[in-house]
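What follows draws every value from the coordinates through simple rules; no lab data is involved. In this text, all values refer to a predicted model and were calculated from it rather than measured experimentally. Note that we place each Cβ from the backbone using ideal geometry, even for glycine, and neighbour counts take in every protein chain shown.
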Amino acid sequence: MGRGLIWAAGVLVAAFLLAPILAILPLSFSAGSFLFYPLPGLSLRWYRDFFGSDFWLPALWNSLVIGGAAAGLATVLGVPAAFALWRLRGALRAVVLGVVLAPMVVPVIVVAVALLLAFGPVGLVATHAGMIVAHAALGVPFVVVTVLASLEGFDAVQLRAAAACGAGPVRAFLRVCLPQIAPGVAAGAVFAFATSLDEVVVALFIAGPAQRTLPRQMFAGLNDTISLTTAAAAAMLVVVSVVLLLVVGWLRRRAPG
């Protein structure tokens, strides 16, 4: 009986979370021009409009380029940070971890305002570099969390053995530790990319016309005119998100232990 209730609760929660997605996806195939059910027919016109538009494709390209670069930068910064936190002990670790994870818990609007004030004087507002750095700052906590989880299963004795064989700290990390935590590093990079792909608030504050991402363009499109091309854009984001989830699941199966 108890197990049945748990399954029922799980199904209800899943249905609640999936309902908005299940509602918007069929609309992207509507032959009509308005957001309403029942659908007047099925058509791919909104996908043709999406892929043939100078309005949407640059935004999709910006999302992919900025997201990829931000994920790479977040990984480069997050892996050493996670390793250093793993080696720390005591109260200092808790303090440093709280600072590193702050972008994950602080309201995004606060982060966006802070980035605007910080980037303005140095000319990073309305630039691709500024967007990449901002999104990387949001993605670093996800890299740190996943890499720390992988490091919990790593035996530090192996590093001491590598040092005894003459390997320096960097060489020991690259040759002994990194291959074993690689699935966690890759999963962190995927989460950082997904965070960048989904982010809209920071883009509203620091992106210029040339740096508009797909979520930012969807927001602008809903403000200007309600078009079902926005539903097609949402469907594209859903597809990318599902692919990222599958990648994370595959990486988890490859993780040691």
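When the chain is fully extended, how far beyond the present Cα-Cα distance does residue 128 get from residue 55, taking 0.36 nm per residue of separation? Don't skip to the end; give the middle numbers.
Details: separation 73, 0.36 × 73 = 26.28 nm, distance 1.78 nm.
Roughly 24.5 nm would be gained on extension.
Listed by Cβ neighbour count within 10 Å, with the fewest neighbours leading, 128, 135 appear as 128, 135. Of the Cα atoms belonging to the chain, the radius of gyration and Dmax stand at 21.7, 73 Å. For the chain, the longest principal axis of the Cα atoms and the long axis of helix 57-87 meet at an angle of about 20 degrees.
With the simple model of a label 7 Å out from the Cα in the direction of the Cβ, residue 93 to residue 253 spans 3.3 nm.
Each residue of segment 20-34 is assigned a 3J(HN,Hα), and the resulting list reads x, 5, 5, 7, 8, 4, x, 5, 5, 9, 6, 7, x, 10, 10 Hz, derived from the Karplus form 6.51 cos²θ - 1.76 cosθ + 1.60 (θ = phi - 60°), x at Gly and Pro.
Trypsin sites (Lys or Arg not before Pro), restricted to segment 34-123: which are DSSP loop and have at most 14 other Cβ atoms within 10 Å? Write out the running numbers ahead of the final one.
Details: sites: 45, 48, 87, 89, 93; in loops: 89.
Those that pass, being in a loop and sparsely packed, are 89.
Across all C-alpha atoms in segment 1-43, the radius of gyration and Dmax reach 15.6, 48 Å. Positive-end ranking of 246, 195, 208 along the dipole of segment 134-257, with charges on Cβ about the Cα centre, is headed by 246.
For the chain, the relative contact order works out to 30 percent when only alpha carbon pairs closer than 8 Å and six or more residues apart are counted.
Seen against the Cα atoms of the chain and their longest principal axis, helix 128-151 is set at about 50 degrees. The dipole here belongs to segment 55-254: it is taken about the Cα centre, uses +1 on the Cβ of Lys and Arg and -1 on the Cβ of Asp and Glu, and is about 660 debye. Please list, ordered by chain and number, the residues whose modelled amide H lies under 5 Å from the amide H of residue 30; skip anything fewer than 5 residues away on the same chain. It is 43, by chain and number. Per-residue 3J(HN,Hα) values for segment 169-186, derived from phi via the Karplus relation 6.51 cos²θ - 1.76 cosθ + 1.60 with θ = phi - 60°, read x, 5, 5, 5, 5, 5, 8, 10, 7, 4, x, 7, 9, 4, x, x, 5, 5 Hz in sequence order (x marks Gly and Pro). Taken over segment 91-186, the percentage of Cα pairs per 10 Å bin, counting from 0 up to the bin with the maximum distance, is 14, 31, 29, 19, 7, 0.
Looking at the chain, identify the longest residue range that excludes and avoids all chymotrypsin sites (Phe, Trp or Tyr not before Pro) in DSSP loops having at most 12 other Cβ atoms within 10 Å.
Values: sites that count: 34, 36.
So the longest stretch without any such site is 37-257.
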